[in-house]
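Data block below; observations after.
Every number here is computed from the coordinates shown, using simple stated rules; none is lab data. Source: prediction; values computed, not measured. Quick reminder, even Gly has a Cβ in these numbers, built from the backbone with ideal geometry, and neighbours come from all protein chains shown.
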Ligand SMILES: Cc1ncc(COP(=O)(O)O)c(C=O)c1O
């Protein structure tokens, strides 16, 4: 194998001066593994183990139903929402943690439509994460007047699709395939100029880069906590609604947790006047407690420091891959300018699925998205520059030896 141009000494000195290096030991990462899939599922923070023990043995098994009050279970959606709010540049009463991103998209889009009752057009991205589009179809099916315009299908750019008929614009902050960052501040300005509401999906930006919802004048936003917020598999998602809309906004899933007085057991629904109106029913408390513990790690670090290291890690990977990628038909699908890139690097190759599988066997975990995208996520809280170097080296080895051509890497699993 040819040698990398960047020396191992150079990598070691980057690690030695990394201000976030102490955080790695806060995570349980299997020995020898380079985990580059935190953009899909973050690894387990060690603090979660004792929290799960406490919530199961003490709060659930021993204190039983009293824990709804004593352990503050009932308040968790708002309490955890406030922490997420700190991370994404929102106020403490503007975020609630609950349900899934998909369900929160349904609520947020209906809520946005409720603020623009005389408009019926929803503008979004053809290349969006599919669930966003599926949920839009679901919303549209509730009103025959609603139409959906998609970037890439109905026009080349999202800007040209927004006009005075537009009620809502739904976009992803960071594209799940390419990792490209959208300028949500500029889009919010344009949407507002035309009188539309903007809703942003933050799944690939929350916890990994400054989002600045209020500074960017965003109206509503949703996101998940199991990626860069390290909340655990299936951990609750979140929903943001700007304070200025809270009194007027309506959402259709009018369950008792969103009622103004849930324990009055009234016959009719009266929505909570604040962010709690976005709640619906009983929340997964065990999952909440795991997520709460995990998120503290992000909360205690400056988001700018996370972003700075994230850009350095992805840039290093691109630099290393550029030395050998082209010779093996590997393309780079992510923006080359770090400012335009989230925390993943997406590479293209016709046989990307097999290459990712071969790399997993060599101890480097990334993932694959159709038709040809190999995604590698770089999370600064637990990755070192050496991890990046080793990942690039294993990729090179996989390509140079042709390991990926072996039959066993062709078998597809249900989850890719
Ligand atoms: C951009 C984006 N939106 C939404 C989702 C789906 O979220 P959920 O399964 O929590 O509904 C994902 C999941 O990966 C995603 O990447």
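Mind pulling the angle between the C-alpha long axis of helix 184-193 and the longest principal axis of the chain? Nearest 10 degrees, somewhere in 0 to 90.
Helix 184-193 and the main axis of the chain meet at about 40 degrees.
Calculate how steeply helix 285-299 sits against the longest principal axis of the alpha-carbon atoms of the chain, using the helix alpha-carbon long axis, and give the answer as 0 to 90 degrees to the nearest 10.
The angle comes out near 60 degrees.
Quick check: residue separation of residue 154 and residue 186 times 0.36 nm, minus the Cα distance between them. What number comes out in nm?
Here the answer is 9.4 nm.
From the Cα gyration tensor of region 101-223, with a ≥ b ≥ c the square roots of its eigenvalues, which class applies: rounded if a/c is under 1.5, or else prolate if a/b is larger than b/c, or else oblate?
rounded
Return the FRET efficiency for the residue pair residue 270, residue 411: r is the Cβ-Cβ distance, R0 is 60 Å, and the value is rounded to the nearest 0.05. Walk me through the numbers before you get to the answer.
Numbers: r = 54 Å, r/R0 = 0.90.
The computed FRET efficiency comes out at 0.65.
May I have the extent of the alpha carbons of region 1-155 along their three principal axes, as whole Å values ordered from largest to smallest?
61, 58, 27
How much length is gained if the chain between residue 65 and residue 47 is pulled fully straight, taking 0.36 nm per residue apart and subtracting their Cα-Cα distance, in nm to one decimal?
Here the answer is 4.0 nm.
Using just the alpha carbons, could you tell me how many Å³ per residue the convex hull of region 148-279 encloses?
Enclosed volume per residue, from the Cα hull, is 138 Å³.
In Å, what is the Rg of the alpha-carbon atoms in region 1-52, and how long is Dmax?
Expressed in Å, the Cα Rg and Dmax of region 1-52 come to 14.8, 47.
Angle check, please: helix 352-361 long axis (alpha carbons) against the longest principal axis of the chain (alpha carbons), in degrees 0 to 90, nearest 10.
Roughly 70 degrees between the two axes.
List the pair-distance distribution P(r) of region 72-299, using every Cα-Cα distance, as the percent of pairs falling in each 10 Å bin from 0 up to the bin containing the longest distance, rounded to whole percents.
Here the calculated profile for region 72-299 is 8, 36, 37, 16, 2, 0.
Looking at the chain as a GNM with Cα springs under 10 Å, which of 143, 217, 104 has the largest mean-square fluctuation?
Of 143, 217, 104, the most mobile in the Gaussian network model is 143.
Measure off 7 Å from each Cα along the Cα-to-Cβ vector at residue 260 and residue 58, then give the distance between these two points in nanometres to one decimal.
3.7 nm
Over region 172-303, what is the mean sequence separation of C-alpha contacts under 8 Å (at least six apart), divided by residue count, expressed as relative contact order in percent?
21 percent
Mean-square fluctuation check for the chain, GNM, Cα pairs under 10 Å: which of 174, 211, 139 is largest?
Answer for the Gaussian network model of the chain: 139.
Is the C-alpha gyration tensor of the chain telling us rounded, prolate or oblate? Criteria: a/c under 1.5 is rounded; beyond that, a/b larger than b/c is prolate, otherwise oblate.
Numbers: a/c = 2.02, a/b = 1.37, b/c = 1.48.
Oblate, since a/c reaches 1.5 and b/c is not below a/b.
In percent, how large is the relative contact order of the chain, given Cα pairs closer than 8 Å and 6 or more residues apart?
21 percent
Using a 7 Å offset from the Cα along the Cα-to-Cβ direction at both residue 340 and residue 8, what is the distance between the two label points in nm, to one decimal?
3.6 nm
Subtract the Cα-Cα distance of residue 286 and residue 163 from 0.36 nm times their separation in residues, and report this length gain in nm to one decimal.
Length gained between residue 286 and residue 163: 39.8 nm.
Set the Förster distance to 25 Å, then compute FRET efficiency between residue 361 and residue 26 from the Cβ-Cβ distance, nearest 0.05. Walk me through the numbers on the way to the answer.
Details: r = 28 Å, r/R0 = 1.10.
My answer for the efficiency is 0.35.
Within region 83-126, find all residues whose amide N lies under 15 Å from a label point positioned 7 Å from the Cα of residue 253 along Cα-to-beta-carbon.
Label zone hits: 96-112.
Given contacts defined as C-alpha pairs under 8 Å and at least six residues apart, what's the relative contact order of region 72-299, whole-number percent?
That works out to 24 percent.
Using R₀ = 45 Å, calculate the FRET efficiency as 1/(1 + (r/R₀)^6) where r is the Cβ-Cβ separation of residue 75 and residue 141; round to 0.05.
The calculated FRET efficiency here is 0.85.
Which residue, 257, 404, 68, tops the fluctuation ranking in a GNM of the chain built on C-alpha contacts under 10 Å?
Residue with maximal mean-square fluctuation among 257, 404, 68: 68.
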